[in-house]
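The values are calculated or read from the model by the stated rules, or taken from the named source; none is laboratory data. Just so you know, these numbers come straight off a predicted model, no measurement behind them. With ideal geometry, Cβ positions are generated from the backbone for all residues, glycine too; neighbour counts draw on all protein chains shown.
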């Protein structure tokens, strides 16, 4: 279990398994959408709670006024122009998957191009999985598969080149791409079973519930207890609110879903300033100085 919680591949396998289990158990649409929305609100709330010091630092730094104004403008544009959340989330997902494994400032120069290649592959794979989604299908399918093949070629070239420079062999380069092989396996699985946007979103929520464990374990039992209580408490609170609405006479979750969409845009946009799981130039834009390891 420890490997599933702290390993790159293991944590994703666990997140996939939990997502599949929840999708199978929650067959009723109101229960399913209520659960996803509730998990989303809990995820957003905790992300702001654990980034509160970072939010305070951004608010106090006058030198960041222009970047923050630009970020606010971006948020207004994606909300009022109704930029497809399916694609906006895909960019967020690709950045997180590619840069979550950033090891630190010293590692940035050596692996920057590799991380960019990872991100491109994850975005292409994500779009190929959702190729039948109404908002994604506007992109010609041949273009999606072409992007996937191209990004895979670029990634393999960069991974082998980096491994050669580090003195590692071809096998080591392939092992380092274990998460990417898993993502490609999910692409293949999408030919056998339908994989929806909300299922991928739930996978993201579950993964980012697992990921902090590797950090909090190093901070002692108190940090883990706090995280566990906040996670369970937030999920229970929002789930109770959503299910009470779903259990009403009209079983209308429209209001909650609209709020979910709005706060999804807010979460993704603000993450550019709050999270280090992005390309170095974005991180440095909001964190002048060496790129942090997380």
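Any chance you could count how many residues in the range 174-231 are assigned to a loop (DSSP other than H, G, I, E, B) and either at positive phi or surrounded by 12 or more Cβ atoms within 10 Å (Cβ to Cβ) (or both)?
Here the count works out to 7.
Residue 49: loosely packed, with under 15 Cβ neighbours inside 10 Å and in contact (Cβ under 8 Å) with a residue 60 or more places away in the chain, yes or no?
Yes, satisfied.
Filter the range 71-90 for residues that are surrounded by 14 or more Cβ atoms within 10 Å (Cβ to Cβ) and assigned to a helix (DSSP H, G or I) and give the result.
71, 74, 75, 78, 79, 85, 86, 87, 88, 89, 90
Give 277, 273 a once-over and let me know the one that is crowded, with 18+ Cβ neighbours inside 10 Å, at pLDDT below 90 and closer than 14 Å to residue 54 by Cβ.
On the way: 273 fails: at pLDDT below 90.
Matching residue, one of 277, 273: 277.
Hey, could you check the range 232-263 for residues that are buried (at least 19 other Cβ atoms within 10 Å of the Cβ) and not in a loop (DSSP other than H, G, I, E, B) and say which is modelled with the lowest pLDDT?
As a first pass, look at the range 232-263 and keep what is buried (at least 19 other Cβ atoms within 10 Å of the Cβ): 234-235, 238, 242, 246, 253, 256, 260.
From the residues that got through so far, the ones that are not in a loop (DSSP other than H, G, I, E, B) too are 234-235, 238, 242, 246, 256, 260.
Details: 234: 86, 235: 84, 238: 80, 242: 66, 246: 57, 256: 80, 260: 91.
Among residues in the range 232-263 that are buried (at least 19 other Cβ atoms within 10 Å of the Cβ) and not in a loop (DSSP other than H, G, I, E, B), the one modelled with the lowest pLDDT is 246.
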